[in-house]
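Colleague: There's a structure below that I have some questions on.
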């Protein structure tokens, strides 16, 4: 009975972690595509949220290429210690750089969605060895 219960929990956990990985990927992938579709928008984000002004379009494309490689490796479950860790750190930087928006909560409610996503990134990092469903890096 105990073995069946353990197998059941492991089965549900693997599906849950896959759902987290895919949902985090979707958000990160759209943010990545934005760098290619609208590099001027990305440059404005760097200036407004990170105080890095004058980012050239070429730099945005290069950052986008690195980010694309990272998010594809992440969703594929490759080199989990590094890809999951980097996704956690990148999203954490994004979440914390938006801190002033949290003080005007009712005009910036969508910013609060970053917190549960950051928690999902943290959970994925901590449970990376259990995240095996459709993962290339077991």
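Colleague: Can you pull out every residue in the stretch 94-111 that is closer than 17 Å to residue 31 by Cβ and free of Cβ contacts under 8 Å to residues at least 24 places away in the same chain? Even if it seems obvious, please write down each step before you answer.
Modeller: The first filter runs over the stretch 94-111 and keeps only residues closer than 17 Å to residue 31 by Cβ, leaving 94-98, 101, 110-111.
The answer is 95, 96, 101, 110, 111.
Colleague: Could you check the stretch 72-138 for helices (runs of 4 or more DSSP H) lying wholly inside it with 2 or more residues that are over 11 Å from residue 17 (Cα atoms) and over 15 Å from the mean Cα position of the chain (by Cα)?
Modeller: Working: elements: 80-97, 99-102, 114-126.
Per the criteria, 99-102.
Colleague: Which number in (1) over 24 Å from residue 101 (Cβ atoms); (2) in contact (Cβ under 8 Å) with a residue 40 or more places away in the chain; (3) surrounded by 14 or more Cβ atoms within 10 Å (Cβ to Cβ); (4) out of contact with any helix residue (DSSP H, G or I) (no Cβ under 6 Å at 6 or more places or on another chain) marks the one condition that residue 27 misses?
Modeller: Only one criterion is unmet by residue 27, namely (1).
Colleague: Quick one: residue 2 ticks every box in (1) surrounded by fewer than 18 Cβ atoms within 10 Å (Cβ to Cβ); (2) at pLDDT 95 or above; (3) more than 30 Å from residue 102 (Cα to Cα) except a single one, so which number is it?
Modeller: (2)
Colleague: Could you list, ordered by first residue, the pairs with Cβ atoms under 6 Å in which the first is in the stretch 46-71 and without any contact (Cβ under 8 Å) to a residue 24 or more places away in the chain and the second is assigned to a helix (DSSP H, G or I) and surrounded by fewer than 16 Cβ atoms within 10 Å (Cβ to Cβ), at least 6 apart or interchain?
Modeller: Listed pairs, sorted by first residue: 53/47.
The values are calculated or read from the model by the stated rules, or taken from the named source; none is laboratory data. Predicted, not measured: the structure shown is a model, and the values here were computed from it. Quick reminder, even Gly has a Cβ in these numbers, built from the backbone with ideal geometry, and neighbours come from all protein chains shown.
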